[in-house]
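The values are calculated or read from the model by the stated rules, or taken from the named source; none is laboratory data. All of these numbers come straight from a predicted model, not from anything done at the bench. Cβ atoms come from the backbone with ideal geometry, glycine included; neighbour counts cover every protein chain shown. Ligands, DNA and RNA are stripped out before the accessible areas are found, and what is left, the full protein with its side chains, is counted by its heavy atoms. Shrake-Rupley method; radii C 1.70, N 1.55, O 1.52, S 1.80 Å.
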Amino acid sequence: SGYGVQTGAGVRGVTIGGPEPEERNTFTEAVIAGISIAAASAGESPQATIENNYVGLRRNGLTAEGNGKGISIRGKGNRISGNTVSSNAGAGIELDDATASDNIIEFNRIGRTAALCFADCARGNGTQGIVVQDGATRNTIRNNEIWYSGSDGVAVTGADVTPIHQNVFGANGGEPIDLGASGRTVNDNDSTAPPAGAGNRNQNYPVLGVPIGGDASGTVTGTLASVNAWFRIDFYAADGCPAPFPPVTAEPRYYLGSTVVQISNATAGVDGTVAFTYASLRFGRDSSFFAQPRGIVATATRYSGNPGQGGTRLFTSEISSCRTYQNNGLLFANGFE
């Protein structure tokens, strides 16, 4: 069939799936998309909930049997949560055109088998894990696992106001986060108009110094250049840093925390800068996390105002260049300097 299930324009409040195993649906072999939510205009609010489905896998959660695309979303107010979206020929999840706004994509497992696995886990989607495009705006991507995509983990192209945070990436064919779907974008002047087709206004990423610390925790310093605004810097660990050439970055695997900064020295047409010092790095309660080689990367997310006073997330950057964590624990192993 063209679609596994499709809601037409004017349909509102549909629930596809549910939190319990017996509420799960399985969508395979649809030529266009496993699930499609439609909207005729930018103001239309389907408010669909798509939860806990297998899209592109058989009901055992292991065997690949993909669709043309996994989930295609238009309209506003939809929530896509807790699904396994894998093995589809195109994108896993697509937010398409200016009707797609105010949607939340969270806690999905994209590009892997449904169950925890240690071998033969790859069930990647053919293009992006998630793509936000063609005028989509105010969509949030958070707390997802995105693996084995044929190209980018998340691509934002010709779209705006897409905060992206606390996602896990692994073994994707392109960038973890790609603004503009054109490969890695170097930092530029955020105070000038971005090029056509840019994503999230080509928000600059932070530039990190050398992260240093012990087995349990550490710190990192760095800078951010951008417009006058408040920003949240989110830190992640990777399983080491890649070689510096070609200029690719590491994929964020573990969320380490954040710090908030404000830029107030930008002038007309010229970015300002801010430094952050001794920002804390820690992976939960793991007391030996940094005993293994780790790379540190970060993103910057611009806010509408002071986040402590109700400011909301706007634009998230691509992933920063990777810096190798320097474990100084051995220097103090005998209890003296």
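Data overview
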{"read-out": "Paramagnetic reach from Ala196 (point 7 Å along Cα→Cβ, amide N under 18 Å) across the stretch 89-103", "value": "97-98"}
{"read-out": "Cα centroid of the stretch 43-70 to Cα centroid of the stretch 285-304, whole Å", "value": "31 Å"}
{"read-out": "Carbon plus sulfur fraction of accessible area for the chain, probe 1.4 Å, in percent", "value": "51 percent"}
{"read-out": "Cysteines without a disulfide-compatible neighbour (Cβ-Cβ under 4.7 Å), the chain", "value": "none"}
{"read-out": "Convex hull volume per residue for the chain, taking Cα atoms only, in Å³", "value": "149 Å³"}
{"read-out": "Residue of Ala243, Ala119, Ala159 that the Gaussian network model of the chain assigns the largest fluctuation, springs spanning Cα pairs under 10 Å", "value": "Ala119"}
{"read-out": "Accessible area (Å², per residue) of the stretch 1-87, counting only protein heavy atoms and a probe of 1.4 Å", "value": "42 Å²"}
{"read-out": "The stretch 111-140 versus the stretch 147-175: alpha-carbon centroid distance in Å", "value": "8 Å"}
{"read-out": "The chain: most fluctuating residue of Glu318, Glu44, Glu175 per GNM, C-alpha cutoff 10 Å", "value": "Glu44"}
{"read-out": "Accessible surface, per residue, of the stretch 266-314 when the full set of protein chains is kept, probe 1.4 Å, Å²", "value": "52 Å²"}
{"read-out": "Antiparallel bridges, percent of DSSP beta bridges restricted to the chain (to nearest 5)", "value": "40 percent"}
{"read-out": "Difference of contour (0.36 nm per residue) and Cα-Cα distance, Ser287 to Leu62", "value": "77.6 nm"}
{"read-out": "Spin-label model distance (nm) - Arg79 vs Ala42, 7 Å beyond Cα toward Cβ", "value": "2.6 nm"}
